[in-house]
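K.L.:
I'd like to ask some things about the structure below.
The values are calculated or read from the model by the stated rules, or taken from the named source; none is laboratory data. Quick caveat: nothing in here was measured; it's all calculated off a predicted structure. Glycine gets a Cβ as well: all are built from the backbone with ideal geometry, and neighbour counts include every protein chain shown. Remember, those area values only see protein heavy atoms, side chains included, never the ligands or the DNA or RNA. Shrake-Rupley method; radii C 1.70, N 1.55, O 1.52, S 1.80 Å.
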Amino acid sequence: MLAYFSRRVLAAIPVMGVVALFVFLLLRLPPGDPAAIIAGDTATPAQLEAIRSGLGLDKPIPVQFITWIGQLAQGDLGTSLISKTPVTTLIGQRLGPTLSLALITMVLSIVIAVPLGVLAAWKHGTFVDSIVMAISVLGFSVPVFVIGYVLIQVFAINLRWFPVQGFSNIENGLGPFALRATLPAFTLASIYVALIARMTRASLLDVLGEDYIRTARAKGVTERKVLFRHALRNSAVPILTVIGTGFALLISGVVVTESVFNIPGLGRLIVDAVLARDYPVIQGLILLTSGIYVLINLLVDLSYSLLDPRIRY
Amino acid sequence: MIWFKSGASARKRSTTAALTMASVVALGLAILAPAAHAAGTTIRAVMHSGLRVLDPIITTAHITRNHGYMIYDTLLSMDSNYKPQPQMAEYKVSDDGLTYTLTLREGLLWHDGTPVTAEDCVASLKRWAQRDTGGQMMMDVTESLTAADARTIVLKLKQPFAPVLDMLAKPSSVVPFMMPKKVAETPSTESITDQTGSGPFKFVKGEFQPGVKVVYEKFDKYIPRKEPPSWTAGGKVVKVDRVEWINMPDAQTALNALGSGEIDYMEAPPVDLLPMAEGNRDLRKFIWNPLGSQTMGRMNFLYPPFDNVKIRRAAMLAMNQEDVLSALIGNPDYYKICASMYGCGVPLETNAGAPPSLTLKGDPKAAQALLKEAGYDGTPVVILQPTDVITTAAQPVVAAQALRAAGFKVVLQPMDWQTLVTRRASQAPIAEGGWHMFFTNWIGAEVWTPLVNPMMNARGKKGGFFGWMDDPEIEAMRVSFAAAKTLEEQKAIAAKIQQRAYDDVAYVPLGTYIIPALYRTSLSGLLQGPAPLFWNVKKAN
């Protein structure tokens, strides 16, 4: 296992290198000039050129790339061209909200979706199954911002149970943190509940048709044990894969929910950086999210062996 | 009966359970709820965009200009009668109009506690003049700009330049903000990294999150002037402890937050959301910028077909302000037809040279005839169409339809605003990434004289505004305007310049719109001005 883990970590290094190269080159392809964005409406061509030079954007692209890689090797992601803030500081400011929201969303989704999926599989073909699947389709189909606005209208504006917007770091107190995270977490969970519940149901239905399930039932094992000990555990691998991918997606792309609830997360930082052609910030963020994907995939792969003893690395 | 009794009992049990559950939830929420807002002296505001660039000299972005007004001060300021008034300094002008002596008020301090000196101000003015077109014109006729002593700044001119005081009191980008010498010595092509100012608020660096939140604290050692506030002139008396600008990319979220009291002020609510606020008795509208904003279209003078003045005129004949404004704003309460390139309600307002079609319904037939006369060969007109900024999204679409109706072939190229900003700076031919027409907006104080109006800069490819109009006659008239000594003289020259600008089709002014800010009734004392101002504003607990 340790050897496998080490091999996978080492294998991530060239992956990240390729990502870095592609990101750097791709960002230089579309039109866009941070100097023009900084200078504003009345800059003359000469002033633009001077600002471009001040930002180091007049240097040949290979030189810019080598400079950036050199900085990366020293753990320096560079400095925002627009705000002059170190990229690590910007990411540090935004990582907390994104990570905490992703974690709460995932926990919430699993707690709700897995029992729902089990229930639907157990009551396969009945009214209960249809209801669970209808809820899943609804959660998956209604745009996330609609769910967000409805929750805000009901629970923040009408009932006044929660604030309308914003994020509070956990170090400012559990209360403010939980109050501000609840509605966005439920909003995001609507998609993942649907996804995980459907996956749980489908996966469980496959397993429930296996011989060993019939054998267990024939031996008089209780239905609860059959479902949770024998069936669910053996159908967990695809569910775990969906959870892992979902978590990675939550970290890199929840910009709509972040906007609706005004959460200063990584999604908004990426969009802002792209719109401003803030190359160091975009590069840093894509490297970070690539790293997170690699890490999550690794953790998911490792967890397979815990769930299924037949899988060995 | 037993059934009835047991049913009642069951209902009672379920009611009790529901009440218990509700109590637990309520108790839980009460425990979780944050303490009531103790800080009654913090104004939380959602501005029109997030603050990212902190240098108000390097950029013309309005949010950075607004930031400048929070933490920096100016030597002179413009009052609501458009007159320059002393702010940090009193001034004297020599009889020959060649020497301006500015004396700093006593007791002015930087936020780090050191005194403001004349040397700081000289360095600040020099950096500002490298970036501001009016400042450049002033420096062109400057013999020397020196610090005579710790509190005295002396500007000596080679020849009279009447708008010196107007330039030093310039209310909108680029505003001549004063910075410490060590900061002002940063090359004007590089952003400053030190936000020490001498204005009424201090920048709280530790709480700054670019594009998310910026915090200002009252600068206790700021000495306001005694005069009542008027625009950016007069006493800048701060009546709250903190001001927080919180960026909310979603306007509906911001309006919800304003309604629930989580924020106090929203600078630029979309017009279509205003009716929602009108139904809330805790909210008020406030027009902080009575001059409004001018929306306009600019053509590229370098390449066919718009290198031909007749074709530019045909394009202008095809368009009209009403169609653009109704698509852009919708509600006529918030827009105004205005043919003056300097804006309406300003001293230089004039209709000189404006074709009647612009303020009526357009004249597509006359446009067609002129196109034919000009020999338009069907070259497609490339219009840059920003799709992500609501205040510039409608104009290209309406203009494209008007141009098509007049016989133009039109290609709309959708893009994000930042791509447009880059693209319009390109002087390349169309096939190599050039363009024919783009649209943007200016606040009133940015177009109200021929000197500050960027589209009247006719210096061509080397120093002109995007589109690069090259007309020495307009440039000569701008110099005459700068030398004019009376308002009447200025008005006469400004009208001639506008006549010529319309003949050239320097640009197509497409009317004025005024979007009010929204604020909670707990705020009072809001000031009108060229930017949203936060001094003089009180917040009730």
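K.L.:
Out of all the residues in the stretch B:349-358, is one or more open to solvent by 50 Å² or more (accessible area, probe 1.4 Å), touching a Gly at 6+ places or on another chain (Cβ under 9 Å) and without any contact (Cβ under 8 Å) to a residue 24 or more places away in the chain?
P.N.:
Yes: the stretch B:349-358 contains one or more residues that are open to solvent by 50 Å² or more (accessible area, probe 1.4 Å), touching a Gly at 6+ places or on another chain (Cβ under 9 Å) and without any contact (Cβ under 8 Å) to a residue 24 or more places away in the chain.
K.L.:
Being in contact with a Leu (Cβ under 8 Å, 6 or more places away or on another chain) and closer than 24 Å to residue B:53 by Cα is the filter here, so list the residues in the stretch B:211-230 that pass it.
P.N.:
Once the filter is applied, which keeps residues that are in contact with a Leu (Cβ under 8 Å, 6 or more places away or on another chain) and closer than 24 Å to residue B:53 by Cα, the stretch B:211-230 yields B:211, B:214.
K.L.:
Output the number of residues of the stretch A:29-68 satisfying the condition of being under 35 Å from the mean Cα position of the chain (by Cα) and among the polar types (S, T, N, Q).
P.N.:
Here the count works out to 2.
K.L.:
Let me ask something else about it. Mind listing whichever residues of the stretch B:219-256 are crowded, with 24+ Cβ neighbours inside 10 Å, of a type in the set (A, V, I, L, M) and either in a helix (DSSP H, G or I) or touching a helix residue (DSSP H, G or I) at 6+ places or on another chain (Cβ under 9 Å) (or both)?
P.N.:
B:243, B:248, B:254, B:255
K.L.:
With respect to residue A:310, is the statement that it is modelled with pLDDT under 90 and within 14 Å of chain B (Cβ to nearest Cβ) true?
P.N.:
Values: modelled with pLDDT under 90: yes; within 14 Å of chain B (Cβ to nearest Cβ): no.
Spelling it out, it is not the case that residue A:310 is modelled with pLDDT under 90 and within 14 Å of chain B (Cβ to nearest Cβ).
K.L.:
Among what's in the stretch B:190-218 and is in contact with a strand residue (DSSP E or B) (Cβ under 9 Å, 6 or more places away or on another chain) and over 17 Å from residue B:66 (Cα atoms), pick the residue that is least open to solvent (accessible area, probe 1.4 Å).
P.N.:
Here the answer is B:207.
Let's see how each residue does on (1) under 24 Å from residue B:134 (Cα atoms); (2) under 25 Å from the mean Cα position of the chain (by Cα):
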{"position": "B:484", "(1), (2)": "yes, no"}
{"position": "B:490", "(1), (2)": "yes, yes"}
{"position": "B:493", "(1), (2)": "yes, no"}
{"position": "B:518", "(1), (2)": "no, yes"}
{"position": "B:531", "(1), (2)": "yes, yes"}
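K.L.:
Could you tell me which of the residues A:175, A:148, A:117 is in contact (Cβ under 8 Å) with a residue 60 or more places away in the chain and within 14 Å of chain B (Cβ to nearest Cβ)?
P.N.:
On the way: A:175 fails: in contact (Cβ under 8 Å) with a residue 60 or more places away in the chain; A:117 fails: within 14 Å of chain B (Cβ to nearest Cβ).
Selected residue: A:148, the only one of A:175, A:148, A:117 that is in contact (Cβ under 8 Å) with a residue 60 or more places away in the chain and within 14 Å of chain B (Cβ to nearest Cβ).
K.L.:
Out of the residues in the stretch A:260-272 that are within 9 Å of chain B (Cβ to nearest Cβ) and without any contact (Cβ under 8 Å) to a residue 60 or more places away in the chain, which is farthest from the chain's Cα centre (by Cα)?
P.N.:
The extreme case among them is A:272.
K.L.:
Identify, from the list B:520, B:500, the residue that is open to solvent by 30 Å² or more (accessible area, probe 1.4 Å), more than 30 Å from residue B:161 (Cα to Cα), touching a residue at least 40 places away in the same chain (Cβ under 8 Å) and touching an Asp or Glu at 6+ places or on another chain (Cβ under 8 Å). Quick ask: steps written out before the conclusion?
P.N.:
Working: B:500 fails: more than 30 Å from residue B:161 (Cα to Cα).
Answer to the check: B:520.
K.L.:
For residues that are in a helix (DSSP H, G or I), touching a helix residue (DSSP H, G or I) at 6+ places or on another chain (Cβ under 8 Å) and aliphatic (A, V, I, L, M), tally how many sit in the stretch B:483-541.
P.N.:
Of the residues in the stretch B:483-541, 4 are in a helix (DSSP H, G or I), touching a helix residue (DSSP H, G or I) at 6+ places or on another chain (Cβ under 8 Å) and aliphatic (A, V, I, L, M).
K.L.:
Among the residues of the stretch A:180-211, write down those that are under 29 Å from residue A:97 (Cβ atoms) and of a type in the set (Gly, Ala, Ser).
P.N.:
Passing the criteria: A:181, A:185, A:189, A:190, A:194, A:197.
K.L.:
Taking helices (runs of 4 or more DSSP H) that fall entirely within the stretch B:384-473, which contain at least 2 residues that are crowded, with 21+ Cβ neighbours inside 10 Å and away from chain A (no Cβ under 14 Å)?
P.N.:
Once the helices (runs of 4 or more DSSP H) in the stretch B:384-473 are filtered for at least 2 residues that are crowded, with 21+ Cβ neighbours inside 10 Å and away from chain A (no Cβ under 14 Å), what remains is B:394-405.
K.L.:
Next question. Would the stretch A:74-89 turn up any residue that is assigned to a helix (DSSP H, G or I) and facing chain B (nearest Cβ under 8 Å)? Lay out the reasoning, then the answer.
P.N.:
Filtering the stretch A:74-89 down to residues assigned to a helix (DSSP H, G or I) leaves A:87-89.
With the extra rule that they be facing chain B (nearest Cβ under 8 Å), the set shrinks to none.
Taking every residue of the stretch A:74-89 in turn, none turns out to be assigned to a helix (DSSP H, G or I) and facing chain B (nearest Cβ under 8 Å).
K.L.:
Is it the case that some residue within the stretch B:304-311 is farther than 30 Å from residue B:402 by Cβ, more than 23 Å from the chain's Cα centre (by Cα) and not assigned by TED's automatic domain parsing to the domain that holds residue B:81?
P.N.:
Applying the first criterion (farther than 30 Å from residue B:402 by Cβ) to the stretch B:304-311 yields none.
There is no residue in the stretch B:304-311 that is farther than 30 Å from residue B:402 by Cβ, more than 23 Å from the chain's Cα centre (by Cα) and not assigned by TED's automatic domain parsing to the domain that holds residue B:81.
K.L.:
Applying the selection to the stretch A:1-11, what residues are hydroxyl-bearing (Ser, Thr, Tyr) and surrounded by 14 or more Cβ atoms within 10 Å (Cβ to Cβ)?
P.N.:
The answer is A:4, and nothing else.
K.L.:
Here's another thing I want to ask about it. Which one is modelled with the highest pLDDT, of the residues in the stretch A:33-43 that are open to solvent by less than 20 Å² (accessible area, probe 1.4 Å) and assigned to a loop (DSSP other than H, G, I, E, B)?
P.N.:
A:33
K.L.:
Need the failing condition index for residue A:103 against (1) surrounded by fewer than 20 Cβ atoms within 10 Å (Cβ to Cβ); (2) not assigned by TED's automatic domain parsing to the domain that holds residue A:266, just the number.
P.N.:
Unmet condition: (2).
K.L.:
Being more than 24 Å from the chain's Cα centre (by Cα), surrounded by 12 or more Cβ atoms within 10 Å (Cβ to Cβ), within 14 Å of chain B (Cβ to nearest Cβ) and assigned to a helix (DSSP H, G or I), is that true of even one residue in the stretch A:12-28?
P.N.:
Of the stretch A:12-28, the ones more than 24 Å from the chain's Cα centre (by Cα) are A:25, A:28.
Pick out the ones that are also surrounded by 12 or more Cβ atoms within 10 Å (Cβ to Cβ) and you get A:28.
Keeping just the survivors that are within 14 Å of chain B (Cβ to nearest Cβ) gives A:28.
Keeping just the survivors that are assigned to a helix (DSSP H, G or I) gives A:28.
Yes, because at least one residue in the stretch A:12-28 is more than 24 Å from the chain's Cα centre (by Cα), surrounded by 12 or more Cβ atoms within 10 Å (Cβ to Cβ), within 14 Å of chain B (Cβ to nearest Cβ) and assigned to a helix (DSSP H, G or I).
K.L.:
Yes or no: residue B:396 within 30 Å of residue B:82 (Cα to Cα) and either in contact (Cβ under 8 Å) with a residue 40 or more places away in the chain or of a type outside the set (Lys, Arg) (or both)?
P.N.:
no
K.L.:
Tell me the strands (runs of 3 or more DSSP E) entirely within the stretch B:59-161 that contain at least 2 residues that are modelled with pLDDT of 95 or more and open to solvent by less than 40 Å² (accessible area, probe 1.4 Å).
P.N.:
Answer list for the stretch B:59-161: B:76-78, B:84-86, B:99-104, B:142-149, B:152-157.
This table checks each residue for (1) open to solvent by 10 Å² or more (accessible area, probe 1.4 Å); (2) farther than 23 Å from residue A:226 by Cα.
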| site | (1), (2) |
| --- | --- |
| A:70 | yes, yes |
| A:85 | yes, yes |
| A:90 | no, yes |
| A:97 | no, yes |
| A:114 | yes, no |
| A:120 | no, no |
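K.L.:
Then there's this: Report the residue count in the stretch B:184-211 for those that are within 13 Å of chain A (Cβ to nearest Cβ) and either assigned to a loop (DSSP other than H, G, I, E, B) or farther than 23 Å from residue A:90 by Cβ (or both).
P.N.:
Within the stretch B:184-211, residues that are within 13 Å of chain A (Cβ to nearest Cβ) and either assigned to a loop (DSSP other than H, G, I, E, B) or farther than 23 Å from residue A:90 by Cβ (or both) number 13.
K.L.:
For the stretch A:178-223, how many residues meet the condition of being more than 14 Å from chain B (Cβ to nearest Cβ), among the polar types (S, T, N, Q) and open to solvent by 20 Å² or more (accessible area, probe 1.4 Å)?
P.N.:
Qualifying residue count for the region: 3.
K.L.:
Could I ask something else about it? Any chance you could count how many residues in the stretch A:158-172 are facing chain B (nearest Cβ under 9 Å) and surrounded by 14 or more Cβ atoms within 10 Å (Cβ to Cβ)?
P.N.:
The total comes to 7.
K.L.:
Pairs only if they're at least six apart or on different chains, beta carbon under 7 angstrom, first in the stretch B:315-334 and within 14 Å of residue B:270 (Cα to Cα), second among the charged types (D, E, K, R) and in a helix (DSSP H, G or I); list them, first residue then second.
P.N.:
Note: pairs meeting the criteria are B:330/B:272.
K.L.:
Does residue A:130 satisfy being in a helix (DSSP H, G or I), surrounded by fewer than 21 Cβ atoms within 10 Å (Cβ to Cβ), free of Cβ contacts under 8 Å to residues at least 24 places away in the same chain and under 31 Å from the mean Cα position of the chain (by Cα)?
P.N.:
Judged against the criteria, residue A:130 is a match.
K.L.:
Within the stretch B:365-395, count every residue that is closer than 20 Å to residue B:328 by Cβ and touching a Gly at 6+ places or on another chain (Cβ under 8 Å).
P.N.:
Residues in the stretch B:365-395 being closer than 20 Å to residue B:328 by Cβ and touching a Gly at 6+ places or on another chain (Cβ under 8 Å): 1 in total.
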